[in-house]
Amino acid sequence: MDEKRLRYVKMKDIVNKLISINFDELNNLKLNINEKTGLVIDYKNCKYEFLIHLVDFDTNLVILGSSFLSPQQKEKFKNRPYFERQSWFKDIKHNVIYYNDPTIYDYEEINGGWGIGTPDNWHLENIAEIIKKLSDNIFDYDAMKIPKYGNLFFYGSSMGGFMSIVLSTLIENSTSIADSPQLNLFTWWYWDELKKYCFKGMTDEEILQYSYRLDIMDLINTKKIIPNSYIILDCTDQRDWDSQNRNFLNRFDSLPYYYNRHNNNINLHFVGKGLKHYMLSKSETLNFIDNIIKIRNDNFNYNPIESEMLTTFKELITKIFYSYEDKNIPYSQFIHEINFYFENWNTCRFDMKNIGTENNSIEIIEKDENINIKSPPWFKDQQGTGCVVSSKYPIHLKIRCIQKGNLSIAFKGPDYRYREKRYPVHICYNNFKVNNKLEFSKDFLLWHNLPHIFSQKCEDNEIIDLKIEFKTINDYFPELASLIDALNENEENLKYNFNILIDYINKSIKENNPQ
């Protein structure tokens with residue numbers, strides 16, 4: 001009996017039902033409640049094994065990874081998947097999935113693979129895609145009205161902790177809970193074995209191209225996503241502290257604020273177990289997981305995009321109104337300023353340049369009528385001539401790159417200034433395609449001083465098709481337009497109508513941020 005068939009037979013011993021299925025068939029998968037189900041999923045020429053247990057009346061999904069195998073465990077599980085803590089499913093009151101790391105099948109000599117996979121097949125990335133597909137099958141995210149995958153909680157310790165953080169980085173909005181994880185495999189004591197087998201024949205320089213699989217910080221900076229993560233670090237484990245935690249903390253404050261719109265979402269919990277590389281007990285771990293789930297669920301009604309837009313908008317219109325109240329500006333100027341400000345909030349703006357020599361530029365071949373394009377003098381220098389694009393509607397452009405160079409697009413908001421000071425006008429860019437290839441389909445809340453930069457090489461006379469979608473404050477709050485119009489009615493009712501506008505904004509902020 002071959003090894004894959006033997007693993008299948010062994011897996012049947014630990015489940016109530018075993019399903020073998022292709023990745024493309026997951027949309028039609030039917031999973032029963034309160035049934036211990038084994039899944040063998042064929043994806044990218046590899047068999048991925050999962051253990052699933054769903055429960056009634058719960059919308060959270062806890063996903064557990066395994067830790068490093070001892071020699072005894074390695075012998076026991078060499079022909080079957082290793083689902084660490086599988087007995088816990090009876091004590092976890094939430095839906096649960098266990099996943100096995102096939103890396104230990106790829107390299108029989110190793111006792112743990114950290115999801116590295118082979119050079120051509122990153123197993124953690126594939127596992128992330130499978131879990132997203134399974135979650136889409138299990139949950140109705142539109143009905144739940146939470147951020148998609150915001151109900152996924154990855155837990156693991158040591159090696160499993162490392163994999164949990166990676167998975168929560170690959171699946172935006174999900175959360176990882178990691179107990180004493182490795183954070184950089186290059187400095188872990190087992191690195192020589194991993195290097196010997198997983199990167200056989202490669203030089204150190206060649207291995208660096210896979211650093212995003214081996215170093216949490218490199219992954220974060222590669223994906224530009226700071227994961228929602230709760231990491232337990234033991235202050236009394238000298239080996240962990242010197243080889244993992246110290247370097248991670250030294251790089252921690254370099255994480256940019258706006259990789260994914262929120263504050264740095266990594267939460268560090270320092271403990272002193274005094275037992276070297278030792279994990280929390282079962283009861284401590286389950287309590288910790290439940291507490292994190294409660295914290296995250298309490299915040300699900302928080303919508304940072306809407307809240308930030310409204311808060312920023314409110315601050316300046318209030319300042320303009322007080323200028324009118326204090327008789328520093330007349331009613332006519334107040335109306336002009338408010339309308340002009342609101343107009344900016346409904347217009348996207350990005351800067352585009354073919355960077356190279358002074359002869360580099362961009363020619364517009366096709367554009368929609370509603371797109372405004374300018375080439376201001378300040379956007380011409382020794383690196384070429386750029387242009388500023390603005391529109392109130394989704395953008396479709398065809399451009400020709402003049403001279404070989406580097407096409408740079410800075411997504412931002414309008415350059416709005418009040419009394420010589422620039423104020424934020426937020427635009428939420430959510431979809432960008434280049435030659436029909438999707439470059440991003442997630443929300444970027446941006447303004448003039450906080451752009452998102454896209455860059456790619458271009459050839460002389462290369463034609464590039466650009467499609468850009470975005471949302472403005474009016475898309476999120478269409479009622480604002482009529483409330484702004486009411487201010488234009490007459491000066492006599494201005495204060496009354498302005499208070500109605502502020503009440504609406506305050507109520508909307510509270511609804512989107514109940515905390």
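If one computes the Cα centroid of the range 485-507 and of the range 60-74, what distance in Å separates the two points? About 59 Å separates the Cα centre of the range 485-507 from the one of the range 60-74. With a Förster radius of 45 Å applied to the beta-carbon distance between GLU358 and LYS195, the computed FRET efficiency rounds to 0.45. Here, the range 3-300 yields an orientationally averaged convex hull projection of 15.1 nm² when only Cα atoms define the hull. Report note on the peptides 310-323, 93-106: ranked by the mean count of other C-beta atoms within 10 Å, highest first, their order is 93-106, 310-323.
From its DSSP helices (H runs of at least four residues, each -39,500 (n - 2.57)), the chain gives a residue-normalised ellipticity at 222 nm of -9500 deg cm²/dmol. Cα centroid separation, the range 275-347 to the range 21-48: 40 Å.
Charge dipole (Cα centre; +1 on Lys/Arg Cβ, -1 on Asp/Glu Cβ; no other charges) of the chain amounts to roughly 800 debye.
Note on the range 117-168: Cα Rg divided by 2.2 N^0.38 Å, N the number of residues, gives 1.30. Take the Cα radius of gyration of the range 1-131 and divide it by 2.2 N^0.38 Å, N being the number of residues; the result is 1.02.
Taking the longest Cα principal axis of the chain as reference, the axis of helix 331-344 is set at about 40 degrees. Cross-link reach is defined here as a Cα-Cα straight distance under 16 Å, omitting same-chain residues fewer than 8 places apart; for LYS380 the aspartates and glutamates meeting it are ASP351, GLU358, GLU363. Within the range 326-391, the trypsin sites (Lys or Arg not before Pro) that combine a DSSP coil assignment with at most 10 other C-beta atoms in a 10 angstrom radius are LYS327. In a simple Cβ point-charge model (Lys, Arg +1; Asp, Glu -1; nothing else charged), the range 110-183 has a dipole of about 120 debye relative to its Cα centre.
Spin-label pair ASP290-THR318: with each label point 7 Å from Cα along the Cα-Cβ axis, the two points sit 4.0 nm from one another. For the range 262-294, trypsin sites (Lys or Arg not before Pro) are listed when DSSP marks them as loop and at most 14 other Cβ atoms sit within 10 Å of their Cβ; the list is LYS276. When you filter the chymotrypsin sites (Phe, Trp or Tyr not before Pro) in the range 12-81 for DSSP loop state and at most 11 other Cβ atoms inside 10 Å of their Cβ, you are left with PHE57. Applying 1/(1 + (r/R0)^6) with r as the Cβ-Cβ distance of ASN431 and TYR496 and R0 = 30 angstrom yields a FRET efficiency of 0.15. Mind running the shape call on the range 347-471? Use the C-alpha gyration tensor, a ≥ b ≥ c as the square roots of the eigenvalues: rounded below 1.5 for a/c, prolate if a/b tops b/c, oblate otherwise. Since a/c reaches 1.5 but b/c is at least a/b, the shape of the range 347-471 is classed as oblate. Between helix 304-325 and the chain there is an angle of about 20 degrees, using the helix long axis and the longest principal axis of the Cα atoms.
Normalise the Debye intensity by I(0) for the chain, one equal point scatterer per Cα, no solvent, then take log10 at q = 0.07, 0.08 Å⁻¹ and round to two decimals. Listed by q, the Debye log ratios stand at -0.50, -0.64. Between the range 90-168 and the range 412-454, the alpha-carbon centres lie 32 Å apart. Give me the angle, in degrees from 0 to 90, between the Cα long axis of helix 123-138 and the longest principal axis of the Cα atoms of the chain, rounded to the nearest 10. The two axes meet at around 70 degrees. Applying a 4.7 Å cutoff between beta carbons, the unpaired cysteines of the chain are CYS46, CYS198, CYS235, CYS348, CYS387, CYS428. At 7 Å along the Cα-to-beta-carbon direction for both ARG400 and ASP91, put a label point, then send me their distance in nm to one decimal. Label-label distance for ARG400 and ASP91, simple model: 7.0 nm.
For SER508, the shell of other residues with beta-carbons less than 11 Å away shows a net charge of -1, using +1 for Lys and Arg and -1 for Asp and Glu. In this structure, SER283 and LYS76 have a Cβ-Cβ separation that, at R0 = 25 Å, corresponds to a calculated FRET efficiency of about 0.45.
The distance between label points at GLU25 and LYS421 comes to 6.4 nm (points 7 Å beyond Cα on the Cα→Cβ vector).
None of the figures in this text is laboratory data; all of them are computed from the coordinates on show. Remember, predicted model here, so these are calculated numbers, not experimental data. Note that we place each Cβ from the backbone using ideal geometry, even for glycine, and neighbour counts take in every protein chain shown.
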